[in-house]
Amino acid sequence: MVITCIVKGCDNKQKVYSTVMFHRIPTHHKRRKVWLAVLNMDPTTPVQMLKNWHVCSEHFTQQDYTSTGLCLKDTTTPTIFKSPTEQSGSSPDAVSKRLY
Ligand SMILES: [Zn+2]
């Protein structure tokens, strides 16, 4: 199965010669909720489905990674979205503050 990025407006796929990494939705329920809110996804999505979902590295900043540059920090949520339509209302920051 080809791994694809679930972020709306992003069509990255896993390729052999690519530096793009793919990250799974966190398994911790609180963090999962924050990610799904940020990604504008249904928070009641079954965990079984989430296991197949990935977010590519283009939605994270360098600061989101641990010193190895391969793993995301525990507190990280995707922050970079190249959405053509500006989302009004809650920024990712506001979402994570509300849910924590
Ligand atoms: Zn992506």
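5 Å is the cut-off here: which amide hydrogens, built 1.01 Å from N in the peptide plane, fall below it relative to residue 56, excluding neighbours closer than 5 in sequence?
6, 7, 23
Multiply the residue gap between residue 63 and residue 1 by 0.36 nm, knock off their C-alpha separation, and tell me the result in nm, one decimal place.
The residue 63-residue 1 span can extend by a further 19.3 nm.
Read-outs: derived from the displayed coordinates by stated rules, not from any lab. Bear in mind the structure is a predicted one, so any value in this text is a computation, not a measurement.
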